Amino acid sequence: MNMQKNCVGIDKDSISDEEAKALEKKIIKEQMCQVIVYKTKRGFHFILIFDKDISKKENFEIRNKYGDCLERVRRSLLRSEMPGVPYDTLFSIKDGHWRKRVE
C-alpha cells in the first residue's frame, strides 16, 4: 500500500498485542489523528491518517518517533530521492501471509 500524502505508515515487529494497543493510544493522543492497525506475521502495521498533508520531513520524523522498522526507514530514504517513486510503503501480503485489520 502506497501512503497518501495525509498518511504515515509504521511497521513494528516483535511487539505484543498489548504493546500495539498502547502505541495506538499514544499515537492518537499525541498526533490527534486516526489510526488503523493491522496484525502482520511478525508484528503490526499502523497507518496514521491526518486531516492535512504531511511533508516528507514530517513523515520521517513521525516514523522515527514511534520506532518504525529501521530497514524500512533506510529504504524509504533511498526511495525518497527518486522523483515519482513512493517512499512510504507497507505491504498487505508478505511471504504468503496477509495482514489482518485489528478492530
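Table for the structure above
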item: Largest-first principal axis extents, alpha carbons of segment 1-44, Å; result: 28, 25, 11
item: Å² of accessible area per residue within the chain, as computed with a 1.4 Å probe and no ligands counted; result: 66
item: Segment 16-74 shape via C-alpha gyration tensor axes, a/c threshold 1.5; result: oblate
item: Relative contact order of the chain, pairs being alpha-carbon contacts under 8 Å that are 6 or more residues apart, as %; result: 39
item: Loop-resident sites, the chain, for chymotrypsin sites (Phe, Trp or Tyr not before Pro), counting at most 15 other Cβ within 10 Å (DSSP); result: Phe91
item: Apportionment of accessible area to carbon and sulfur, segment 10-69, percent (1.4 Å); result: 50
item: Helix-derived mean residue ellipticity, 222 nm - over the chain, DSSP H n ≥ 4, -39500 (n - 2.57), to 500; result: -10500 deg cm²/dmol
item: In Å, descending, principal axis extents of the Cα set of segment 42-103; result: 30, 26, 21
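The values are calculated or read from the model by the stated rules, or taken from the named source; none is laboratory data. Everything numeric in this text was worked out from a predicted model, so none of it was measured. All Cβ positions, glycine included, derive from the backbone under ideal geometry; neighbour counts span all protein chains shown. The protein model used for the area step is the full one, side chains on, heavy atoms only, and it has no ligands, DNA or RNA in it. Shrake-Rupley method; radii C 1.70, N 1.55, O 1.52, S 1.80 Å.
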